[in-house]
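Read through the structure below, which is laid out as structure tokens, and then see the notes.
Readers should treat all values here as calculations from the given coordinates under stated rules, not as data from a laboratory. Note that the coordinates shown come from a computational prediction; the quantities given were computed from them, not determined experimentally. Cβ placement follows ideal geometry from the backbone for every residue including glycine, while neighbour counts extend to all protein chains displayed.
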Amino acid sequence: MRILITNDDGINAPGLSIAYNIAKEMAEEKNITIISPTNEQSGVSHSTSYIRPCLIDKISENKYSLEGTPADCVLAGLTLILKNRLPDLII
């Protein structure tokens, strides 16, 4: 099973670690990808960035930070990071 994880509280939020630990119970670590906003983005979860570029920073293997909204994270995760390896589950 392949899992993509994001949130709206930012890459350093404690809830992201909790989601990752839950995902590890369902899939191998190599099949879990995290992409989360660089900063807290509560209240803008469904908005996307059309004008401003979204910079992606690779933090570690399968963990990325993106200067954008949670929706930008999902779009970047699907189209740029996972490419043709679509996830079975998005958390």
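Things worth noting here:
- Positive minus negative residues near residue 88 (Lys, Arg vs Asp, Glu; Cβ under 13 Å): +1
- Rounded to 10°, Cα long-axis angle of helix 14-24 versus longest principal axis of the chain: 40 degrees
- Taking trypsin sites (Lys or Arg not before Pro) across the stretch 14-91, the ones in a DSSP loop with at most 15 further Cβ atoms lying within 10 angstrom of their Cβ are 83, 85.
- Low-density loop positions, chymotrypsin sites (Phe, Trp or Tyr not before Pro), the stretch 8-66 - DSSP coil, at most 14 other Cβ in 10 Å: 50
- The chain: calculated mean residue ellipticity at 222 nm from DSSP helix runs of at least 4, using -39500 (n - 2.57): -5500 deg cm²/dmol
- Rg of the Cα atoms in the chain, relative to 2.2 N^0.38 Å, amounts to 0.99.
- Proximity of backbone amide H atoms, modeled 1.01 Å from N, is registered between residue 91 and 4, 5, 6 at under 5 Å, excluding neighbours fewer than 5 places apart on the same chain.
- Under the criterion of Cα pairs below 8 Å and six or more residues apart, the relative contact order for the chain equals 38 percent.
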